[in-house]
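Read the structure below first, then the notes.
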Amino acid sequence: MQELRDKVAVITGAGAGLGAAIAQAVSAEGMRVVVADIETDHAEHVAQEIRDVGGDAQATRVDVGAPPSLSQLAKFAEQTYGACHLLCANVGVQRLGHVDALDADDWEWLIRVNVLGTVNTVRSLLPLMRKQPGEKHIVLTSSISGLLAAPRLAAYTASKYAVTGYGETLRLELADDGIGVTLLFPGGMATTHLASSASARPAELGRSPELDLDDAAAIAAVLSPTAESVVEPSYAIRHLVAAIRENRPYLVTHAPNATEVKERFGQLEAALSRADD
């Protein structure tokens, strides 16, 4: 997707953090942007920031865990801009804790939002994308946890591994339609992800447990081992526009865990080499 100017981007989870940074980055390339988030005021704030610097953005509410809400998002994009050329499915929620602490409701919620929310976002917007001639692209936000397991993140890791597999399949199946797919793997970022996950948690599941410092330390030891491992969202997506233009299959935002990821794939390679023994 070489030409972004005057094309339309639809971005979920765009009210803060990584999604907001993506919205601002593609707007800077001249794209018109649908800023979608479960927090309407946050979405409007980001859209206004884009308009304040001369961009074109409109905000709307979306709950990716609710398919009817995603249908409304597709209608909003079509009624507002008449198109969707770039879709960034960027919503994810979090629940930290030892595997024994995660109950069936926790698992169901993360799968419903992180996995089915991603799938249904694509299902809802794909018909509109297919109506547009020319190049189109989809960006799916997985996570470094979609490549590397860490303790206290069982449900989140499982959900992001699922997004990785879905995105790789989607890339194969949409290639003949002229729709590229990039999987985005963010590492540790300075965002309000945990707070936004807590506020998005359904009331019937009760309040999110208070952050356990032991859980946080166990996760950080693997995924964010140094202070430099945690970056600002604007830095994390610095190569995203290039990845879209080049139709890269993968984009890792930063790699403090490169050794561990390579070790994991090395162990898989060794297992493959022994498969025919």
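Of note:
- Consider segment 159-185 and keep the residues that are free of Cβ contacts under 8 Å to residues at least 12 places away in the same chain and among the small types (Gly, Ala, Ser). The one that is farthest from Pro127 (Cα to Cα) is Gly165.
- Which listed residue is under 26 Å from Glu232 (Cβ atoms), of a type outside the set (A, V, I, L, M, F, W, C) and surrounded by fewer than 24 Cβ atoms within 10 Å (Cβ to Cβ), from Gly17, Gly65: Gly17
- Residue match in segment 17-26 (condition: farther than 16 Å from Leu240 by Cα and not polar (S, T, N, Q)): no
- When segment 74-84 is filtered for residues that are surrounded by fewer than 24 Cβ atoms within 10 Å (Cβ to Cβ) and within 20 Å of the chain's Cα centre (by Cα), only Ala74 remains.
- Selection within segment 102-114 - free of Cβ contacts under 8 Å to residues at least 12 places away in the same chain and in a helix (DSSP H, G or I): Ala104, Glu108
- Looking only at residues of segment 149-169 that are crowded, with 21+ Cβ neighbours inside 10 Å and more than 15 Å from the chain's Cα centre (by Cα), we find that the one that is farthest from Val222 (Cα to Cα) is Ala155.
- Evaluation of Ile50 against the conditions (1) within 26 Å of Leu116 (Cα to Cα); (2) of a type in the set (Val, Ile, Thr); (3) buried (at least 16 other Cβ atoms within 10 Å of the Cβ) shows that the sole unmet condition is (1).
- Of all residues in segment 221-270, those satisfying the criterion of being of a type in the set (Gly, Ala, Ser), in a helix (DSSP H, G or I) and surrounded by fewer than 16 Cβ atoms within 10 Å (Cβ to Cβ) are Ala221, Ala227, Ser234, Ala242, Ala258, Gly266, Ala270.
- Residue ranges of helices (runs of 4 or more DSSP H) in segment 10-97 with at least 1 members within 25 Å of Ser199 (Cβ to Cβ) and in contact with a Cys (Cβ under 6 Å, 6 or more places away or on another chain): 17-28, 67-81
Only the coordinates and a few stated rules stand behind these numbers; no lab work does. It should be emphasised that the depicted structure is a prediction, and the values quoted were computed from it without experimental measurement. Glycine also receives a Cβ, built like all others from the backbone with ideal geometry; neighbour counts cover every protein chain displayed.
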